[in-house]
Amino acid sequence: MVSAALTVAGMRSWFLMIGTKDKDGLFGGASVLAMSSDATGWMPRYARNNWALVDPFVLHTQHSNTPILVPYDVDGESSGQKEFLKKLYGELFAYGVVVPIHLAQERLALLYAGNNQELSRKTIEEAVPIVAAIGQEAAIWLEAQREVEERNRVLPLTATELELLSLARRGFSTKDIAAMQKITTATVNNIFRRANEKLGTHSRQDAAITAERLGLYRAAMIQNASFL
């Protein structure tokens, strides 16, 4: 569906990647998910070679949310950026647009779409709203799939673990939670430790945030309306 819609907009080659931004606004290959029309393995190479570190479009998102018209609005500054652009132009497309899409939880998507046939700036500008809308829908769908897969990988949390995480999420201290639940602080800490082990997190705050991102509170609320 994405390929067909982008082809109608004059963009025959495309790929979409999503990652988690770090403190510098970048995201690395290990966190990248992608869908692509390209059959030559562009995205595995992108991740393997850490091209996000030299991709000028990724660097652009540190200070701007505006779409980038290719090749009109981009010029590689470093040798690494120039080499990346050479590969992009030679293997995927030389004319098109790259659209940044900001998602929840510090997640960022970039939709690269274009054509090897020459396109004027005006033609690309006219296609940007359509490409951006397609990218937004595709990114939301891909994020939903990622969350389902991630949720299926974690061990199920008990009702008690979820309840204590929900209290931690609201800012209650270990001492407060122990008093509310009529248990010792040691028991509270043990429950948080088990939750961290199941979720692959390292603190109760991280566990509480991860449980929310995976929709575990919503699932528990459906099963037990008094939970939250």
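The values are calculated or read from the model by the stated rules, or taken from the named source; none is laboratory data. Since the structure is predicted, the reported quantities are computational estimates derived from the model, not experimental observations. Every residue, glycine among them, receives a Cβ derived from its backbone with ideal geometry; neighbour counts consider all protein chains shown.
The table below gives the values:
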| quantity | calculated |
| --- | --- |
| Residue satisfying condition, being in contact (Cβ under 8 Å) with a residue 12 or more places away in the chain, of a type in the set (A, V, I, L, M, F, W, C) and part of a loop (DSSP other than H, G, I, E, B), within set 155, 162, 142 | 155 |
| Test: residue in region 71-80 that is of a type in the set (Val, Ile, Thr), assigned by TED's automatic domain parsing to the domain that holds residue 144, at pLDDT 85 or above and part of a helix (DSSP H, G or I) | no |
| Any chance residue 171 is closer than 21 Å to residue 150 by Cα and among the small types (Gly, Ala, Ser) | no |
| Those residues of region 165-208 which are among the β-branched types (Val, Ile, Thr) and not in a loop (DSSP other than H, G, I, E, B), in sequence order | 174, 177, 185, 187, 188, 191 |
| Whichever residue in region 209-218 is part of a helix (DSSP H, G or I) and not polar (S, T, N, Q) and, among such residues, is surrounded by the fewest Cβ atoms within 10 Å (Cβ to Cβ) | 218 |
| Region 65-97 - residue that is under 14 Å from residue 118 (Cβ atoms) and out of contact with any helix residue (DSSP H, G or I) (no Cβ under 6 Å at 6 or more places or on another chain) and, of those, surrounded by the most Cβ atoms within 10 Å (Cβ to Cβ) | 96 |
